[in-house]
Amino acid sequence: MAVKSVIEAVREAITEEMTRDSKVFVMGEDVGVRGGVFLATQGLSEEFGNERIIDAPLAEASIMGIALGAAFRGMRPIPEVQFSDFVWPSVNQLIGEAARTCYGTNGAVQVPMVIRMPYGGGIRGGLFHSQNVETHFFHTPGLKVVAPSTPYDAKGLLKSAIRDNNPVVFLEHKKTYRLVRGEVPEGEYTLPIGKADVKRAGSNVTVVSYGLTLHYCLEAAEELAGEGIDVEVVDLRTLTPLDTETVLESVKKTGKLAVVHEDNITGGVGAEIAALAADQAFEYLDGPVVRICGPDVPTMPFAQTLEDAYMPTADKIAAGLRNLAAY
Amino acid sequence: MPRKRTNSAQANVGSVRTARANGAPVKSPFPKGLKSTDLVDYYTRLVQARSLDERIWALNRQGKVPIAASSQGHEAAELGSLLAAEKDGDCFLFPYYRDLALKVAAGLTPAQTMMSFMGKAGDPYSSGRQFPLQGADLPHNIIQISNVVAAGLTQSVGYALGCRMAGENTVVLVYFGDGASSQGETHEAMNFASIHKLPVIFICENNRYAISTPQSSQMVVEEVASRAAGYGFPGFTVDGMDLISCYEATREAITHARNQGPVLLEMMVDRFMSHTTDDDDRRYRPEGEVERARERDPVVTFGRTLLSQGILTQKKIDQIAAEALKATDEATDIAEASNPPDESVLHDSVYSP
């Protein structure tokens with residue numbers, strides 16, 4: 001099997017789906033000849049033409065609104081938000097309109113649209129190129145939210161997202177784009193949206209994460225294995241719909257749960273998973289549910305010291321899991 | 001398409017259009033392609049829409065309709081453009097919240113209309129999930145997802161883009177008020193439509209009020225239509241109280257849109273009622289303004305035109321009014337007796353299969 005990067009997997013998924021279905025098209029800022037600022041659409045303009053790889057004016061609200069309108073007509077648009085930090089001008093179209101379209105038309109109008117967003121930090125992006133935006137979409141019924149951590153997952157899930165008849169927010173952690181490489185099989189495959197993946201089996205502690213920090217969890221688990229602590233690492237892969245079954249199964253096995261994410265701790269995905277465990281696995285818990293998450297500051301700052309202080313790292317995760325295991 | 005503008009003063013219905021200076025009737029004041037049956041049909045729809053609109057307001061005061069936005073005073077603009085779209089036969093509509101008459105005339109039954117206003121299961125737009133006549137009426141080529149003003153503009157442009165990608169020649173008509181013309185998305189929609197020469201007609205029903213805020217506090221230009229120049233496509237101001245003027249302008253705009261790209265049509269209308277049933281416009285409109293506007297009531301003036309042309313008799317006009325009232329009465333009864341959505345559907349259609 002060929003080893004590929006996350007960005008290569010994303011590009012492959014888009015290319016294959018655009019080849020398979022003429023209704024699929026990409027629209028965003030600099031996605032054409034430039035190939036996107038992260039090169040997710042490199043070469044696609046040449047292959048599919050500028051009518052299907054559309055360079056949009058720098059106006060996110062219209063990128064989202066126009067993609068949405070095309071979806072009403074049965075197209076399958078993939079609007080790219082250049083950085084998730086720039087999604088805010090378009091949030092009315094996404095949260096206000098797209099998420100409510102199916103419900104608000106009693107199912108008459110579908111929104112087969114994938115909103116791709118490079119997100120997250122650890123790349124010296126400062127307040128406006130590092131944002132974790134997932135909670136806002138996670139909180140919104142009507143949207144699906146996917147956040148893969150590996151090239152294999154990214155490709156299989158993006159292909160499924162493009163075939164889905166709902167608005168799917170597809171979050172690509174920008175630090176994983178080239179840093180994370182992995183095996184991607186040749187040829188056709190898809191992965192189901194809404195299914196978590198146990199990336200490492202273990203028996204003492206469950207740690208749930210997604211995106212970049214999933215890899216930090218795996219590093220921490222490796223470190224703790226040397227200390228005799230057997231950590232199970234659950235990769236959510238999809239935030240909405242949340243695979244509660246896989247999370248609960250793991251918690252019931254280990255009795256101890258930690259959640260790790262880069263997004264702010266308060267009201268985040270971790271809070272929801274803690275509530276899930278409290279609600280449906282209360283009798284199985286042998287310790288407090290621990291959250292190792294981004295602090296409640298607006299976004300990770302630019303200065304290296306402050307960015308490091310913000311980020312959940314393998315060391316911070318290992319320390320948290322060590323304490324939990326000892327509880 | 002000529003770059004002329006008609007201002008509301010000179011395009012007064014009836015007197016100017018139907019008689020020569022010496023008082024002799026002109027041969028026909030109506031454009032080619034319109035038959036007298038079309039005119040009677042649209043007059044009938046106009047009267048029915050008005051009848052429902054008035055009843056809905058009354059039902060609100062009786063506590064039977066939670067909220068309503070009236071289209072009284074906007075009907076000529078809405079039905080004139082709808083007539084053009086129907087004659088064309090390949091148009092898709094993105095109306096806004098004041099388009100009651102448009103949505104009714106596009107094909108809803110009076111009973112469906114009333115069920116929508118009462119939040120009943122039989123509401124064809126959203127089955128009682130949304131404000132009245134909001135959601136989608138796909139059998140009549142209509143989508144209006146929300147009442148966040150101008151949100152439908154970018155969507156309509158995307159719809160036109162989708163139609164083009166699908167190899168279709170559909171022209172999209174998107175409606176908005178002068179209030180929505182201030183939104184950033186209005187600019188973004190017009191800019192993108194122009195870049196891609198998309199067949200979109202932006203129809204601004206300008207009643208000179210964004211709820212209570214007068215046009216002078218919304219913009220310094222006198223005409224929203226003048227903004228089209230900034231996007232490199234034509235803009236026209238039309239007398240929105242004259243159904244035939246709106247029809248003609250929209251027909252021309254459809255041809256232009258299909259062949260050359262977007263058009264902005266500003267239809268000057270008057271809002272006869274408060275913003276919604278929850279508003280009281282006496283707090284902000286000068287005394288006598290609405291009364292003066294009602295002198296150009298499109299229901300009256302269009303009827304008068306048809307009468308003066310011998311297309312309708314007074315007897316027929318009275319009959320149309322009586323039948324509309326009867327249909328409104330029956331629709332009210334049907335809707336009141338119909339079922340609200342069952343609680344069990346609360347969770348349905350959050351996602352598409």
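Our helix-only sum for chain B, with -39,500 (n - 2.57) per DSSP H run of n ≥ 4 divided by its residues, gives a mean residue ellipticity at 222 nm of -13000 deg cm²/dmol. Would segment B:175-296 count as rounded, prolate or oblate if I go by the C-alpha gyration tensor, calling it rounded below 1.5 in a/c and otherwise prolate when a/b exceeds b/c, oblate otherwise? Judged from the Cα gyration tensor, segment B:175-296 comes out prolate (a/c at least 1.5, a/b above b/c).
Based on DSSP H runs of at least 4 residues, each adding -39500 (n - 2.57), what is the mean residue ellipticity at 222 nm of chain A after dividing by all its residues, to the nearest 500 deg cm²/dmol?
Working: 12 runs with 118 residues, N = 327.
That calculation yields -10500 deg cm²/dmol at 222 nm.
Could you give the longest part of chain B that holds none of the GluC sites (Glu not before Pro) found in DSSP loops with at most 12 neighbouring Cβ atoms within 10 Å? All intermediate terms of the calculation are to be shown ahead of the outcome.
Working: sites that count: B:E222, B:E287, B:E295.
The longest such stretch corresponds to B:1-221.
Within a straight-line Cα-Cα reach of under 14 Å, A:K4 can be paired with the following aspartates and glutamates, leaving aside sequence neighbours fewer than 8 residues apart in one chain: A:E12, A:D153, A:E183, A:E186.
Taken along its three principal axes, the alpha carbon spread of chain A comes to 59, 42, 40 Å, from the longest extent down to the shortest. For B:K120, the lysines whose Cα falls under 19 Å of its own Cα, not counting residues fewer than eight places away in the same chain, are B:K64, B:K103. Shape annotation for segment A:235-290: C-alpha extents along the principal axes are 28, 20, 17 Å, from largest to smallest. Its Cα gyration tensor gives segment B:182-225 an equivalent ellipsoid, and the semi-axes of that ellipsoid, as √(5λ) in whole Å with the largest first, are 24, 10, 9.
Model label points for A:A303 and B:D278, set 7 angstrom from Cα along the Cα-to-Cβ axis, are 4.7 nm apart. Of the two radii for chain B, the radius of gyration is 0.95 times the Kirkwood radius, both from the alpha carbons; that is the Rg over Rh value. Here segment B:94-122 is scanned for amide nitrogen atoms under 16 Å from the site 7 Å beyond the Cα of B:K326 along Cα-to-Cβ, giving B:110-111.
Sorting B:K120, B:K326, A:K256, B:K316 by the number of Cβ atoms found within 10 Å of their own Cβ, with the fewest placed first, yields B:K326, B:K316, B:K120, A:K256.
For chain A, leaving out every one of the GluC sites (Glu not before Pro) that falls in a DSSP loop and has at most 13 other Cβ atoms within 10 Å, the longest unbroken run is A:52-185.
With both labels modelled 7 Å from their Cα along Cα-to-Cβ, the B:K316 to A:V198 distance reads 8.0 nm. Scanning chain B for DSSP H helices at least 18 Å long along the axis (C-alpha atoms) with a Kyte-Doolittle mean no lower than 0.5 picks out B:151-165. Putting +1 on Lys and Arg Cβ atoms and -1 on Asp and Glu Cβ atoms, find which of B:G235, B:T277, B:I254 reaches farthest to the positive end of the dipole of segment B:212-309. Checked the options; the winner is B:I254.
Given the Cα atoms of segment A:2-184, and with Rh set as the inverse mean 1/r over their pairs in the Kirkwood sense, what is Rg to Rh to two decimals?
Working: Rg = 15.0 Å, Rh = 16.0 Å.
Here Rg/Rh amounts to 0.94.
The slack in the chain from A:L179 to A:T15, taken as 0.36 nm per residue of separation less the alpha-carbon distance, amounts to 56.9 nm.
Fully extending the segment from B:R61 to B:D90 would add 6.5 nm, taking 0.36 nm per residue of separation and subtracting the current Cα-Cα distance.
Nothing charged except the Cβ atoms of Lys and Arg (+1) and of Asp and Glu (-1): what's the magnitude of the dipole of the protein assembly as shown about its Cα centre? Round to the nearest 20 debye.
On the way: 64 positive and 86 negative charges, 427 e Å.
Dipole about the Cα centre, nearest 20: 2060 debye.
Relative to the globular-protein estimate of 2.2 N^0.38 Å, the Cα radius of gyration of the protein assembly as shown stands at 1.10.
Computed from the Kirkwood radius of its Cα pairs, the Stokes-Einstein diffusion coefficient for segment B:288-353 at 37 °C and 0.692 mPa s stands at 204 µm²/s.
What pairs in A:K159/A:K253; B:K32/B:K316; A:K195/A:K316 have C-alpha atoms more than 30 Å from each other? Let's see the in-between values first.
Details: A:K159/A:K253 32 Å; B:K32/B:K316 24 Å; A:K195/A:K316 27 Å.
Listed pairs above 30 Å: A:K159/A:K253.
Taking the Cβ-Cβ separation of A:Y189 and B:L307 as r and a Förster radius of 56 Å, what is the calculated FRET efficiency to the nearest 0.05? Step by step, r from the Cβ atoms, then E = 0.20.
Taken together, the values in this text are just the output of simple stated rules run on the coordinates, not laboratory data. Quick caveat: nothing in here was measured; it's all calculated off a predicted structure. For neighbour counting, all protein chains shown are included, and Cβ atoms are generated from backbone atoms with ideal geometry for every residue, glycine included.
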